[in-house]
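Participant: The structure's right below; bear with me while I get my questions together.
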Amino acid sequence: MLKKTAALIGLIIATLIWAINGVVYYEFIALGFSAVLILWIIRLFRFIAVWFISDFKGVKHELIKDKKELTFVLLNGIFAFLTPLFFVFALMYTKLSNVYFITYSAPAWVMIGAFFFLKEKINVKKIAGLLLTIAGIFMIASPENIFSLDTGVIFSLLCAIFYAGDIITGRELKDYPLHTVSIYSNGFSFIGLSLLLPFSFKVPAFEHELFYFAIIGLIVLGLLRGLASDLYYYALEKLDASTASIISLVELIFASLFAVIFFAQFPTVKEIAGYILIMASALIIILRKSDIKQFEYLLHLKRHH
């Protein structure tokens, strides 16, 4: 019981870190940092934190066994590289809470991807979840038609779709320890960001002291992201998958509160209705008793942003 309580508290702390992450992105973009530089620093120190924690715990890092699994590792790294980029781009054009909730439409896109690529069956509950997701996105976006979605919504959708790709490829690596998969994907993501960095190295004209404080802030966030990953992995060991996934939805509440507190971004009635629909969809998809084990990595295998 004590271990489950510790896992629950740790998971809530992880959701708080994930929500703070979006606030930091928003602030640093507003200050003039390039998205690639922000992600490069955070990804580097997240990678270091996950590696250090896994070594401290004595996790054995397995080498990739064959070409098929190497392909999934590479794909997972690509998805892990592009997902946060789209997340940050979305923040430039729409509300913080909108980006979070649309990103959380990922379970529906996982379901579609699993149907086409993994030959999983579609049933009435899955279709209902998908329809609720689509309705929720349209309530948030309020477009005149499907071709008039604004830029922020489009980037948020791309983030959700690539996050779904991250989840699906991660599921194919379920025989490896979670820390090991995270190290591989974070490593490949860091390499991708490093390749882009020379073309997108933008920092604001700060005084030296403020610049150093800003960089230290990003380093601390990167380390905290590594800690959040470990707290989530621990929760998956002590709690059942559906409980961990549902508790992870607390991140959306934190993100919405932060959007109001820090940026005075109050959601409209339509946006709130969209949020409720997306959360309902996520619960319907997550709580499928027949194949819940297939979805034990559904949320936050390695948080997309």
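The values are calculated or read from the model by the stated rules, or taken from the named source; none is laboratory data. These numbers were taken from a predicted model, which means no experiment stands behind them. Heads up, the Cβs are rebuilt from the backbone with ideal geometry, glycines too, and the neighbour counts pull from every protein chain shown.
Participant: F33 versus (1) more than 23 Å from L231 (Cα to Cα); (2) assigned to a helix (DSSP H, G or I): which is the lone unmet condition?
Facilitator: (2) is the only condition that F33 fails.
For every residue, the table says whether it meets (1) over 30 Å from G113 (Cα atoms); (2) out of contact with any Gly (no Cβ under 7 Å at 6 or more places or on another chain); (3) among the basic types (K, R); (4) at pLDDT below 90.
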{"position": "A6", "(1), (2), (3), (4)": "yes, yes, no, yes"}
{"position": "I12", "(1), (2), (3), (4)": "no, yes, no, no"}
{"position": "N21", "(1), (2), (3), (4)": "no, yes, no, no"}
{"position": "I53", "(1), (2), (3), (4)": "yes, no, no, no"}
{"position": "N76", "(1), (2), (3), (4)": "no, no, no, yes"}
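Participant: Just give me the residues in the range 224-273 being closer than 23 Å to L39 by Cα, of a type in the set (G, A, S) and either free of Cβ contacts under 8 Å to residues at least 40 places away in the same chain or out of contact with any Lys or Arg (no Cβ under 8 Å at 6 or more places or on another chain) (or both), in sequence order.
Facilitator: S248, A255, S256
Participant: Suppose we keep only residues that are out of contact with any helix residue (DSSP H, G or I) (no Cβ under 7 Å at 6 or more places or on another chain) and under 18 Å from R171 (Cβ atoms) within the range 37-73. Which one would you say is surrounded by the fewest Cβ atoms within 10 Å (Cβ to Cβ)?
Facilitator: Step by step, filter the range 37-73, then rank; the result is D66.
Participant: Same structure again: With T151, T133 as the choices, which residue is crowded, with 19+ Cβ neighbours inside 10 Å and of a type outside the set (K, R)?
Facilitator: On inspection, the qualifying residue turns out to be T133.
Participant: Of all residues in the range 155-188, how many are within 18 Å of the chain's Cα centre (by Cα) and without any contact (Cβ under 8 Å) to a residue 60 or more places away in the chain?
Facilitator: So the count comes out to 5.
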